[in-house]
Structures are given as structure tokens and as C-alpha cells.
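Written below as C-alpha cells is the structure these notes are about.
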Amino acid sequence: MQERHIDIVIVGGGGAGLRAAIAAAESARKENREQRIVMLSKVYPMRSHTVAAEGGAAAVTSAEDSLQAHFDDTVAGGDWLAEQGVVDYFIRHAHQELVQMERWGCPWSRKSDGSVQVRRFGGMKTARTWFAADKTGFHMLHTLFQTSLKYPEIERLDEYFVLDIAVADGTVAGVMVLEIATGELTLLRAKSVILATGGAGRLFRFNTNAGIVTGDGMAMAFRHGVALRDMEFVQYHPTGLPGSGVLITEACRGEGGILVNKNGYRYLQDYGLGPETPLGQPQNKYMELGPRDKLSQAFWQEQQAGRTGKFGDSDVVYLDLRHLGKEYLHERLPFICELANVFINVDPVKEPIPIRPAVHYTMGGIETDAHCETRIKGLYAAGECASVGLHGANRLGSNSLSELLVFGRLAGEQASQRVPTVPFTNSRDLKEQAQAQKTRITQLYDAEGEESWVELKRELVLSMETGCGIYREAKGMQATLEKIHELQARYRNIRLQDKSRAYNTELMQCLELGYSLDIAEATCLGALERKESRGAHKRLDDGLQQRDDANYLKHSQVFFNAEGPARLCWQEVDTHLSAPAERAYGDAGKGVKQ
Amino acid sequence: MTIKQISIQRYLPEQGSAPYWQEFDVPFDDSTSILDALNYVKEELDGSLSYRWSCRMAICGSCGVMVNNTPKLGCNSFLREYQGPVKIAPLAHFPVEKDLIIDMTLFLDHLAAVQPYLINDSGEGSDTFKQTPAQMEKYKQFSGCINCGLCYSACPQFGLNPEFLGPAALTLAHRYNLDSRDQGKKQRMPQMNREEGVWSCTFVGFCSEVCPKNVDPAAAVNQGKVESAKDMLIGIFKS
Amino acid sequence: MAKPTSYFPELKRDWWLKHSYFKKYMAREATVLPLVFFVACLLAGLYSLLQGMESWQGWLQFMQHPMVIALNALAFIASLFHAWTFFQLFPRVMPLRVAGRTLPPNLMVLGQWLGVVAVMVLATWIFLRGL
């Protein structure tokens, strides 16, 4: 097997990975130090799922706003499960990162005086979301990718699939990668490895995520003993298109769009988000500008009460944008108009858009400290794959694009600073680890099993949706957990149809499925064991429908167990800046400190 | 659901075969995209079929293919649009690696060649540049490129000479040249002035026709010709 | 394992027959052929004018040949067709901005046709006055 020595390996070429790569390169330049950086990804960087983010990126910007307000919104939005020191670092650094993006050419939407425009977003007290029409993620990703081309020291390995992290004595030693074009394996030895592999929305059948969002990095860290933290918190975005799940941005509501049920009634006022705000006058933290968890839960209630409409096979409510007018819609939400037209043949200028909640974001992830480092020395994680502790039990829209910049940069700098201080890990064990991967792949090729990844995956995503959906109860989760264990067993009996080496996309699917199964187990276990309702984790079981700070003001940590079922521990939450209080929106939130 | 037969061009280099066509029966309704059809084939009929895809919402740029000789994104073209036969082939004018997967190397090299990033020597700053909506309007359309490569498959000049920088790269160069914050035009012009720069374009215009994002690369390239002509004239008078 | 060979379909000479869009493009480019004939006629006329009366009469006779009239009529139509395609493209190549807003392309196309009409009127006026 080929072997190369690299200083820093970055896994993933989305927003966090690119930001980390640039930060690492800059950091070494400042110190006049040569440094080899490899950024690898299973897709070309501009295909990464950051590209699909629409609404915007949050940072305190206007004079009326304050860091304290952004802090309070984020902590309350996360139902006090966020690490408050981390939130504090985040809100202080977000603005500078967005400014940096601007100085790299990101076309943020502007006011007439040439300064940056901000828009309203759910759960945020003030308008503080920077945006580039409704393609913010696209513009950020392409700006980062194009800027990265300025740095010849960043070597890109496009369409390389990571099989495993190499670890020796609790320290990272590199990664084993498979070149998709040839099927060839390489051991990339490195002093620092940054995981920026994104979330795991594809665990669920109905989701807004790209096909590549299968949680690979999470599973790799997990298998090496790093905890997956707060995995039970899975965000349902309230507005996905029926059928495909394509995302309809929250910015629609930030700009004044309203949600109505089949009777044309703005039902959110019945779920603690009222009173109804006048049409065309959206008010922060009221009605449609409540947080995502509450809105998705309200949909479920309406569905149970039979007040949802039908679009194809889907139960839907309606997002009405008509009062905003054609010109405004085409300026602020051109992509939404295009998506609605193409995918469901609805013109938002003339008709309300039928929508329903869809899995959107993984709040939990690879446990890291406040400096993005995991419990494996030299192994960092940033972006959606990480649980640095920013989002707690529910993420506020537009915090994640800022997150991948703030923590992508931090991870890149940390990884870079480590490089001159440590030697390459020298262990004979590495060759064995690499060999083990080779064997694993060979066995997959040779296996004469009966199971196909297609069937296993279908059963997994269906079971996750049934057991770990918007509302959950013990029975359903128990069944899902058992299903996952069954699927894990059947996975060992899998068979590939495609035996070729080059571009074996079926092999990729199988490997991704293996990762997904592990993460699904962590998600389901966390959900089952959290016997309370908090943020995006909502239980129907008797006595568990409220938040229970006495017992569960804690992070869940799930640890991998090669021999049997994963195990779960609890970890204290940092609440040193803001004591847990009631989380309230609409008029109920008036006077409550948040 | 009704059934439709689609033909897919297969190429399996490890079996040493030449490209060949293979037919598949695919169930479809009004919402079935070309990508859905490919996924159906892979999951139900032939697991060895290889193609790229990711976002399935026309923004990641992965799933470009030729449908009946026209470059399309698989995810936003629908089977309902085709009454007659549906023939799906890899994007034209690129080397084919396997089935519908093409080699994107040259495309990416061309992008990188035009220095597609903001060049401004004012260094790190704690505040944004000012840019009015009118200034942004000048380049906004050209910043919408998703790098899907459809325009290269639509461009016979690129097909005849792969050294031609091509629509997407030239559009990106023009996008930065038009940006009021940028000072890098001088560095980019030598690339654009080359024979393989803007001057290889004969304004066929098909690139803009197939662009799934209405970026209008043909307009950008030909505006680039005006800039290039000005730049060369100024060069003559200066020397 | 080395990278498996890729297959690179070469563009054949008849590439433009494969798509209706390319055929239209070739038609646009082919407008140059009758126009070359027209210019050649014009140059021949000038030359024969210098050669004296007899030559000039000969040229006039040649120009009255139905084939020649047909070819020149074709050249006229071709030039109008080319102008039409060119006028469509022009607003995209030279977008005009008035008060920060791009002028609607249709308006620019219309402006160009008005120019054509003006030239024709002028030419007709000069021609008729000469008679």
C-alpha cells in the first residue's frame, strides 16, 4: 500500500473543511513555516452539502443588536443544552468571519448604501442573518473553494473516500483512503487530522439533505472510542417540499411568509407562538419566526387533528408568500421560486407552497472540546459532524453557516499549531491498521452474502422515521433500536453486484450504509435513554412530556462497542453564564430573559 | 405508474469493452426525474451502473448528463418531458471514465487558470467593502455558476480544442473583473487574451441555452472579448 | 492498479448535424456565402466601370440574369437574417445601463431595427433623387 507523509489531513471539502484548510495555510504562512495540507473529499468540494444552505449566516451586526442577545437566543433556542463557553466564543467571532467572507468576494445582499443587509430568522430576537439572496450556502461554498485556489500548499484529493482514521496510543496518526477513480488504497500519515464530514440527515427517509450526508466521519471517530454526543437531537426543518424533501428556506418566513393549515388558518397561534402578527409584518420570535423544533411539532399536532391538506401522498400545510409580490420574491427568494416551479409545479407568486417537515440537521456529533479537539490527540472535528456544543437541543436557523466558519477556522489553526510540536506517530501498528482496511475491502468484494444495501438502507431510513421522528415514544424507539441491531447483523452478510475497482459507487453506498447503521444506533439509544422532552427531542410517554432539568440537564454520550450494543453515559453541561429558565416565544416570551 | 424504456450508454473499462447502449424499463410519474430513473436502475436493476449525484435540487452540479444529445442536469429534467425515446449518455467533450462518469480534471484546471478569487491588496480588514446593489448587479448573474460543466458539453469549440478555457472559466474570470471590490483584472487579462481564451469562442450560444442556472456564459465570454480588445488596444498604444 | 483507460469520443466533422441548435448556428455562419457573392458583384461592377462603356454594359447584363438576381436576393435575406441574430445577441454583449438599471433587451433590439429602417429610408431617398 502506498504511504505518504502529510502534516494536516482535512477530511471533507465543504464549508468547514475549506475554512479549516485556508486557516491552516494562513497560520503556517504567518509563522514562515512550510506545511503540507491535504484536503480530501468523496466529492468535488463544490458538491458538498454546504452548497444547499439557503437562508443565511448569523452574526451580531446592527447597532440595536448585542452579543448578549445572540448568546441568549442561542442558549434558549438550544433549551439550555448548549455549552455556554462555546456559545460565547462563537457569538464573539461570527461577525469577523462573515466580514472575512465578504473580503474574499462573497456576494452578500446589500442595502442601498453599500453595506451588508440582514434579514429576520426564526428564534432570533433581532434581524442578524447575513444572506446572499436565498443561495447563501452556495455563494459561501464557492467563495471558499475559489479562495482556496490561492493556496498552492493546499493539495486537494477530490473523490477520495476515507475508510478509517489511523490511531496509535490515543493519538491520531493519519487516515486510510480509497481513491474512487481506481479503487487504490493509500495510507496518509499525518500529525493532525480534521474531520469536516457533515451531518447524517440521510439516516431518515424524508430529509432535505444531499445523498452524501451519511455521517461517515462521525462513525469513524465513534469506532475509535470518541463519544457521539447529543445524537438524539435531530432537527426537522418545518418546510420541505412534499415528495422530494427539497428544502424551502426559513428565510421565506423571515421575509414575511405565513403558514396556514388546510382551512387557511394560521395555526401557530395555537402553539404558544401567538398572537397572530399582521400579514406583511413579521415579528421576531412570534408565529412563523418561532424556532424550528416548535414549528415542526405544531405541524405534527395539526396532522393528528386532521387539519393538514394533501399533496400527492403527503400531508401538508401551506407556506403563503403571495402577499410579498413578484418583484420582491424574485429578488429575495429566486431559488425558492425556481425549486417550487420545477419540483412541484407551483408558482409561489400565485399559489401557496405545500410543505411538510423534513429531517434537516444533526445537532449532535463527534464530541470535541471548546478548541475542536476530540479525545484522540490531534484529531479535530468541525461543522455539522462535530458536537462542539453550540446548538444544544435545537439549532437556530443561520447559526450553522456561521458555525462552520468560526469553528472551521479554529480547527484549522489548532491543527496547524500542533504540527511543529509533534513528530509523526511511529508505530508498527499502523501497517496493520492499513492492512486491516485492505482486508475489509477485499472481503466486501468477495463476500457471497444475500443482503443488498438497497433493502437494508430502505428498512433503516423507514425505521428511523417511524421510531425517532418529530414525536417519540419508548415503544417505537425500542423497536427501531432492535431493527438497527438486526440490520447490523444482516449487514455482515452483504453482497456487492459491482465487482469493479474503478468508480465503484455501489461499494461507496455499502460503506456509507455501514457508517449510517452505527450512527443510527447512537441516535436511537440517546433518544431512548433521554427520558424527558427538550428542544427537538419530544416524547409522548406519560410523565416525559416536559423538560426535566433535575435529571437530564446533561449531554448524552454514546460509546461504540465492537462486541455488542453501544453504551451511554451522561456529561454535565456548561451553564455558567445563563441559568436554565423557561423557554418561551410569542407573547409568552415577553419579559422572560432571553 | 406507467413504464418507460430508457437507454443508457454504458462504458466499463475493466471489462475492456467499447461503449454500448443498454435498455432499461423504468416506472415513472409526473415527478420522476432523470436522476430518479438512474437511481431506480441502480437500486432495482443493475447495481453496477455508475453516475454522480448528490443534492438532487439543482445546486451541487454533480449530475450532468446528455439526454438525447442535449446536456441536462439529471435532477431537474423529468421523464414526462420526453414523449419519444430517452437516451442518456455521459456529458460530451470530456473523457469518459465509466458509464456516465466523466473526467472533470481539465474543467477544474481551466477554472483555476483564471485566478477566480477576489484580488485586492488592502489585506485583512475588520470591516466589509462597500458595494451598492447596482455595483453588485453588474456581476451577480455571472456568480451563479454551479460548475456542472453542461456548458462545456454544449460548446463545439471546447469539443474541438480542449485547451479552450471554455464558458464557465471565462465567465468566472469576467465575474471577478466586474466586481467593484476586485483589482485583479490586469492579472487575469493575459489568460483571456490568449487564443484559447475568449477568442476561441464563436458565439454559438448553446452554452447559455443549456445553463441550468441562467448564468448566460455566452454573454460573459463575449463581454470578455470587448474587454480583451480594449486591453490589447491599450497595450498597443502603451508600447 | 493504474487508472483504467478512459474513452474520449472525438468530435467528428459532421458534429453540427447532430443538434438543431448547431444547424441554426451553421445557418447563421453560412450567411457569409451569398454575401461574398454580393460583394464580388459589387467589386466587379466597379472594375467594369473603370474599363469603359462596353464592359459596364456587360456587367449590367450579367446583373440582370435571373440566377444573379436570385443570388443577390438571397444575400439580402441572409443579411437581414444575420442582422436579426446579431441584434438578439448585442444586448447581451453590450448591456446598456441607464440610472443603474440594465436597459431591457427588447428595447435595444427595437432600437437596432429602427436604425436599419432609417438606413433603408435614407438609401431609398438618395436613390430616388438620383433618378
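Quick look at the values:
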{"quantity": "Selected from B:Ser48, B:Ala58, B:Leu79, residue furthest toward positive end of dipole (segment B:2-102; charges at beta carbon)", "calculated": "B:Ala58"}
{"quantity": "Chain C - mean residue ellipticity at 222 nm from DSSP helices (-39,500 (n - 2.57) per run, n ≥ 4, rounded to 500)", "calculated": "-25500 deg cm²/dmol"}
{"quantity": "Anisotropy class of segment A:430-553 from Cα gyration tensor, a/c 1.5 cut", "calculated": "prolate"}
{"quantity": "Nearest 10 degrees, 0 to 90: helix C:66-93 Cα axis against chain C principal axis", "calculated": "50"}
{"quantity": "Chain A, relative contact order in percent, only Cα pairs under 8 angstrom and at least six apart counted", "calculated": "22"}
{"quantity": "Computed [θ] at 222 nm, helices only, for chain B once each DSSP H run of length n ≥ 4 contributes -39500 (n - 2.57)", "calculated": "-10000 deg cm²/dmol"}
{"quantity": "Amide N proximity, segment C:1-42 versus B:Ala18 label position 7 Å along Cα-to-Cβ, cut-off under 18 Å", "calculated": "C:5-14"}
{"quantity": "Estimated dipole of chain B in Debye, rounded to 20 [Cβ of Lys and Arg +1, of Asp and Glu -1, Cα centre]", "calculated": "780"}
{"quantity": "Placed amide H near A:Cys106: partners under 5 Å, 5+ positions off or other chain", "calculated": "none"}
{"quantity": "Helix axis angle, C:53-64 relative to chain C longest principal axis, alpha carbon, degrees", "calculated": "50"}
{"quantity": "Scattering profile of chain A at q = 0.05, 0.06, 0.10, 0.11 Å⁻¹ [log10 I(q)/I(0), Debye over alpha-carbon scatterers]", "calculated": "-0.19, -0.28, -0.81, -0.99"}
{"quantity": "Inter-label distance for A:Arg458 and B:Lys186, nm, one decimal - labels placed 7 Å from Cα along Cα-to-Cβ", "calculated": "6.3"}
{"quantity": "Magnitude of the charge dipole, segment A:239-358, Cβ model with Lys/Arg +1 and Asp/Glu -1, debye to 20", "calculated": "160"}
{"quantity": "Cut-off 13 Å between beta-carbons: net charge of the residues surrounding A:Lys377, Lys and Arg +1, Asp and Glu -1", "calculated": "0"}
{"quantity": "Of the DSSP H helices in chain B, those whose Cα atoms cover at least 20 Å axially and whose Kyte score averages -1.0 or more", "calculated": "B:217-238"}
{"quantity": "Counted charge near A:Pro242, where neighbours are those whose Cβ lies closer than 11 Å (Asp, Glu -1; Lys, Arg +1)", "calculated": "0"}
{"quantity": "Calculated FRET efficiency for the pair A:Glu486/C:Ala70, C-beta based, R₀ 56 Å, to 0.05", "calculated": "0.10"}
{"quantity": "Segment A:463-535: mean projected area of Cα convex hull, nm²", "calculated": "5.7"}
{"quantity": "Residues A:Phe560, C:Phe86, A:Phe131, B:Phe203, sorted so that the one with the fewest Cβ neighbours within 10 Å comes first", "calculated": "C:Phe86, A:Phe560, B:Phe203, A:Phe131"}
{"quantity": "Charge tally in the Cβ shell below 10 Å around A:Asp574, where Lys, Arg are +1 and Asp, Glu are -1, A:Asp574 excluded", "calculated": "-3"}
{"quantity": "Equivalent ellipsoid semi-axes - Cα gyration tensor, chain B, angstrom", "calculated": "38, 20, 15"}
{"quantity": "The protein assembly as shown - share of DSSP beta bridges that are antiparallel (%, nearest 5)", "calculated": "70"}
{"quantity": "Whole-number percent relative contact order across chain B, with pairs defined as alpha carbons under 8 Å at least 6 apart", "calculated": "17"}
{"quantity": "Residues A:Ile336, C:Ile69, A:Ile165 arranged by fewest to most Cβ contacts within 10 Å", "calculated": "C:Ile69, A:Ile165, A:Ile336"}
{"quantity": "³J(HN,Hα) computed for each position of segment A:274-289 - Karplus, 6.51 cos²θ - 1.76 cosθ + 1.60, integer Hz, glycine/proline x", "calculated": "x, x, 4, 8, x, 4, x, 10, x, 10, 4, 6, 10, 6, 5, 9"}
{"quantity": "5 angstrom amide H check on B:Leu12, placed H, neighbours 5+ away", "calculated": "B:Ser17, B:Asp99"}
{"quantity": "Which of A:Leu511, A:Gln545, A:Asn493, positive extreme of dipole for segment A:430-553 (C-beta unit charges)", "calculated": "A:Leu511"}
{"quantity": "C-alpha long axis of helix C:105-130 to longest principal axis of chain C, angle in °", "calculated": "20"}
{"quantity": "Relative contact order computed over segment A:430-553 (Cα-Cα under 8 Å; 6+ residues apart), in percent", "calculated": "29"}
{"quantity": "Over 26 Å between alpha carbons, listed pairs B:Lys140/C:Lys23; B:Lys186/B:Lys225; A:Lys294/A:Lys554; B:Lys98/C:Lys12", "calculated": "B:Lys140/C:Lys23"}
{"quantity": "Dipole of segment A:239-358 [Lys/Arg +1, Asp/Glu -1 at C-beta], most positive-end residue of A:Pro291, A:Leu339, A:Gly272", "calculated": "A:Gly272"}
{"quantity": "For chain A, calculated [θ]222 nm from helices alone, where every DSSP H run of n ≥ 4 adds -39500 (n - 2.57)", "calculated": "-11000 deg cm²/dmol"}
{"quantity": "Dipole magnitude (debye, nearest 20) for segment A:153-298, charges at Cβ of Lys, Arg, Asp, Glu", "calculated": "520"}
{"quantity": "Pairwise label distance in nanometres, A:Val422 with B:Trp199, each label 7 Å out on the Cα-Cβ vector", "calculated": "5.5"}
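Only the coordinates and a few stated rules stand behind these numbers; no lab work does. If you're wondering where the values come from, they're calculated on a predicted model, not measured in any experiment. Neighbour counts are summed over all protein chains in view; Cβ atoms, including those assigned to glycine, are modelled from backbone coordinates with ideal geometry.
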